[in-house]
Amino acid sequence: MIEIIPAIDLIDGKCVRLTKGDYNSKKVYNDDPVAQAKEFERQGFRRLHVVDLDGAKSKHIVNDAVLRKITDATGLKVDFGGGIKTDEDIRKAFAAGASMVTIGSIAVTHPELFIEWLNRYGTDRLILGADVRNGKVSINGWKEDSSEELLPFLRKYVEAGVKNVLCTDISKDGTLQGPAIELYKQIMEEYPHLNLIASGGVSSNEDLSGLEKDGIPSAIVGKAWYEGRISAEKCRDLMGFKANRGLAKRIIPCLDVKNGETVKGTNFVNLRSAGDPVELGKLYSDSGADELVFLDITASFEGRKTFTDMVERVAREINIPFTVGGGINELSDVKRLLDAGADKVSVNSAAIRRPELINEIAGEYGSQVCVCAIDARNDADGWHCYVKGGRERVELGLFDWAREAADRGAGEILFTSMDHDGVKNGFANEALARLAEEVPIPIIASGGAGKKEHFRDAFVKGKADAALAASVFHFGEIKIPELKEYLCNEGINVRI
Amino acid sequence: MSVAIVKYNAGNIRSVVNALHRLGVEPVLTDDASVLRNADKILFPGQGEASSAMAYLREHRLDEVIKGLTQPVLGICIGQQLLCRHSEEGDTGCLGIFDVDVYRFHPTRHEDKVPAMGWQEVRPTEASLALSNEDGASREDDLNRQACASGNKSLFRGNVLNAEGGCQADYFYFVHSYYVPLCKWTIAEADYILPYSAVLHKDNFWSTQFHPEKSGKAGEQLLKNFLAL
């Protein structure tokens, strides 16, 4: 892990870069340093290195008003340097919101004053700026070389309590020729606990990886960022951001509802009753289910009314998201169920009959409410979709249809493998993995849950985002808290 | 205590009403300026599209009403985004309580799906933790002090916010394609594609990107905490 600190160098209130510290080489990258700072923050950086080049030239702080604007507008932890020569300069920088100040020349020309500041402001708020050219410490905006050799110079200050050192190799700065890695390694070998900030020469993602691999704690990026040679994603990665963690894998009990009662079919026949759907749903929610699915398997008009009433009760009593499906044929069905309080609706046969239904739902209510449920079987000629509760094959391939549904605006695919459903021998992991690969929306695995390992496999091998099951939960064969505990121990991100 | 919910053209407000009912609170759903101004607490929830939501708010002069509120206000989901300065969604100027712009998620990997939908941990921001993390105190102490440091009183009281990751923390339910980046007002963050703001706070305005009303017990606790502010 390495802390990557983007830099804003200021001349006339603008964001510039110099090459090897030469003011004649100035290139303006952004007229608005505040906008630039906000952009860095948006990309996930936590810190910012601000250099007052006008200040370095004038030998006193100049751009403190710009610093103030940056610290007012962002939550970035800013270190500020350039032209800090007096106590008044330091106080101005802190008053303008700097978290730390970088002090270079004074440490060379007036060591006793630097030590006094170190004691007054604390070692966490001061960064010793050691700019190096040909092994010697350079001062006054790099225009003069001192007689100080770097390592003895550092020793003096480390012994006095300095913890943060910003070391710039002037011969590298702004050249995009790679950082002075040997120099930094040498410093780290000597002072392994130092927070060394490497600066100058970083030209690519690889340079940053190299610094990280060699254990350099922090690095400044300047020109390479502005020239687009470094990716924000790589920086986040090197800073330890775990993009993988993201969303928890979801466990979803499914309740089939007929005339207000839950039922569960084995291979879609032999219905067995398992109680009041709202009570059961509440029980699942309290025991850690992440979502619920209620499927209306009633065909009649009266049954539909009963189901809508049940949806209203679920919405009143349950505090996790739930999806409803079954018999959704047109937008008015969707409206009725969403108005009753459902978070999402799932469409199945009707969407295969009339795929525009998906566009209509997504257009009217957003993709996030539209779950496309697909029942499919791995026939001799490949995976095919089935409609009417699995009774009728349609000439439509599973993967083609899933992709099309996603293109039309579905928010999720709920894929039930009819071959696996009710068999309790694991999910259709190969087909799931292929769906995950080919379809750009979340996949809910359904059909085949028999034991805890099956859920792990659906997430790991099948790359599913969620796993749905019914009878193993309804008949208490798997308890959700135990399942979650197991998955957590298996290293899967689940909500407990 | 009177609790008002801002009535506008956003969806899914009913679930907030239901959540308040479960806490024994009867909210008023209203677009009446004086009712809003006189309520003890305001909720500004919803799901929807930014430009049409802002157009509605302006047309009904609710934009000025919301900006002028002085009691605790909680924005939820699109409510949070509308409290920001600008949204990339429909290139929309928003209310500007939080001076930060809202952006659309751009997936960098195949696994990153948009909308981001599901449960996530949130953690207090590193800056506010650093403010209070001086002597290696326990995490709960850290969190309590973090809450104080951010002037946040007790929005997270009783919630377990995890700074490290692990399954034991509270998870909250998110559904969104747009995000508020990290900013000065971030008091808790979440990770999806990049780190972003999960909870914002400034003066009397709080907001969450997630849906506390759909976040199980953790969300219920947070709503309870807000009502007790």
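The values are calculated or read from the model by the stated rules, or taken from the named source; none is laboratory data. These numbers come from a predicted model, not from an experiment. Here Cβ is always computed from backbone atoms with ideal geometry, including for glycine, and neighbour counts include all displayed protein chains.
Total residues in the stretch A:69-97 satisfying the condition of being within 14 Å of chain B (Cβ to nearest Cβ) and either in a helix (DSSP H, G or I) or among the aliphatic types (A, V, I, L, M) (or both): the figure is 7.
Which ones in the stretch B:186-213 are part of a loop (DSSP other than H, G, I, E, B), modelled with pLDDT of 95 or more and facing another protein chain (nearest Cβ under 9 Å)? Once the filter is applied, which keeps residues that are part of a loop (DSSP other than H, G, I, E, B), modelled with pLDDT of 95 or more and facing another protein chain (nearest Cβ under 9 Å), the stretch B:186-213 yields only B:His211. Among the numbered criteria (1) more than 24 Å from B:Phe172 (Cβ to Cβ); (2) within 14 Å of chain A (Cβ to nearest Cβ), which one does B:Gly118 miss? In the conditions (1) more than 24 Å from B:Phe172 (Cβ to Cβ); (2) within 14 Å of chain A (Cβ to nearest Cβ), B:Gly118 misses (1) alone.
Within the stretch A:448-491, being closer than 16 Å to A:Ala248 by Cα and free of Cβ contacts under 8 Å to residues at least 12 places away in the same chain holds for A:Glu485, A:Cys488, A:Asn489, A:Gly491.
Residue by residue, here is whether (1) of a type outside the set (Asp, Glu); (2) closer than 18 Å to B:Gly216 by Cβ; (3) more than 12 Å from chain A (Cβ to nearest Cβ); (4) in a loop (DSSP other than H, G, I, E, B) holds:
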| position | (1), (2), (3), (4) |
| --- | --- |
| B:Ile5 | yes, no, yes, no |
| B:Val17 | yes, yes, no, no |
| B:His21 | yes, yes, no, no |
| B:Glu26 | no, no, yes, yes |
| B:Leu29 | yes, no, yes, no |
| B:Val35 | yes, no, yes, no |
| B:Ser51 | yes, no, yes, no |
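Consider A:Ile361 carefully, then state whether it is in contact (Cβ under 8 Å) with a residue 40 or more places away in the chain, over 21 Å from A:Asn319 (Cα atoms), buried (at least 16 other Cβ atoms within 10 Å of the Cβ) and within 14 Å of chain B (Cβ to nearest Cβ).
Details: in contact (Cβ under 8 Å) with a residue 40 or more places away in the chain: yes; over 21 Å from A:Asn319 (Cα atoms): yes; buried (at least 16 other Cβ atoms within 10 Å of the Cβ): yes; within 14 Å of chain B (Cβ to nearest Cβ): yes.
Spelling it out, A:Ile361 is indeed in contact (Cβ under 8 Å) with a residue 40 or more places away in the chain, over 21 Å from A:Asn319 (Cα atoms), buried (at least 16 other Cβ atoms within 10 Å of the Cβ) and within 14 Å of chain B (Cβ to nearest Cβ).
Pairs meeting the criteria (first residue in the stretch A:426-438 and closer than 15 Å to A:Ile374 by Cα and within 14 Å of chain B (Cβ to nearest Cβ), second residue assigned to a helix (DSSP H, G or I) and aliphatic (A, V, I, L, M), beta carbons under 6 Å, at least 6 apart or on different chains) are A:Leu435/A:Ala402. Contact annotation: residue pairs with Cβ atoms under 7 Å, 6 or more positions apart or on different chains, pairing a residue in the stretch A:297-308 that is closer than 14 Å to A:Glu261 by Cβ with a partner that is in a helix (DSSP H, G or I), are A:Thr298/A:Arg304; A:Thr298/A:Phe307.
Of all residue pairs spaced 6 or more apart or on separate chains, those with beta-carbon atoms under 6 Å, a first member in the stretch B:78-98 that is surrounded by fewer than 24 Cβ atoms within 10 Å (Cβ to Cβ) and a second member that is assigned to a helix (DSSP H, G or I) and modelled with pLDDT under 95 are B:Glu89/B:Ala50; B:Gly90/B:Ala50; B:Gly90/B:Ser51; B:Thr92/B:Ala50; B:Thr92/B:Ser51.
Selection of the stretch A:420-453 for residues being more than 31 Å from the chain's Cα centre (by Cα), crowded, with 18+ Cβ neighbours inside 10 Å and at negative phi yields A:His420, A:Asp421, A:Gly450. Restricting the stretch A:48-68 to residues that are more than 19 Å from A:Asn164 (Cβ to Cβ) and not in a helix (DSSP H, G or I), the residue that is nearest to the other protein chains (Cβ to nearest Cβ) is A:Asn63. For the structure I just gave you, tell me whether B:Cys167 is outside any strand (DSSP E or B) and modelled with pLDDT under 90. Spelling it out, B:Cys167 is indeed outside any strand (DSSP E or B) and modelled with pLDDT under 90. Name every residue in the stretch A:310-345 that is part of a helix (DSSP H, G or I), in contact (Cβ under 8 Å) with a residue 24 or more places away in the chain and either at the interface with chain B (Cβ under 10 Å from one of its Cβ atoms) or of a type outside the set (Lys, Arg) (or both), in order of residue number. Residues satisfying the conditions are A:Met310, A:Val311, A:Glu312, A:Val314, A:Ala315, A:Arg316, A:Glu317, A:Leu331, A:Val334, A:Leu337, A:Leu338.
For every residue, the table says whether it meets (1) closer than 26 Å to A:Thr71 by Cα; (2) touching a Leu at 6+ places or on another chain (Cβ under 6 Å).
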position	(1), (2)
A:Val101	yes, no
A:His110	no, no
A:Trp117	yes, no
A:Arg120	yes, no
A:Asp124	yes, no
A:Val132	no, yes
A:Ser138	no, no
A:Glu149	no, no
A:Phe153	no, no
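Within the stretch A:28-58, being of a type in the set (Phe, Trp, Tyr) and crowded, with 22+ Cβ neighbours inside 10 Å holds for A:Phe40, A:Phe45. Hey, any hits in the stretch A:220-239 for a residue that's surrounded by fewer than 17 Cβ atoms within 10 Å (Cβ to Cβ), free of Cβ contacts under 8 Å to residues at least 24 places away in the same chain and at positive phi? Yes.
Being more than 10 Å from chain B (Cβ to nearest Cβ) and farther than 22 Å from A:Ala373 by Cα narrows it down to one of A:Leu483, A:Leu468, A:Leu487, so name that one.
A:Leu483
Scanning the stretch B:80-130 for residues that are in a helix (DSSP H, G or I) and under 23 Å from A:Ser367 (Cα atoms) yields a count of 3.
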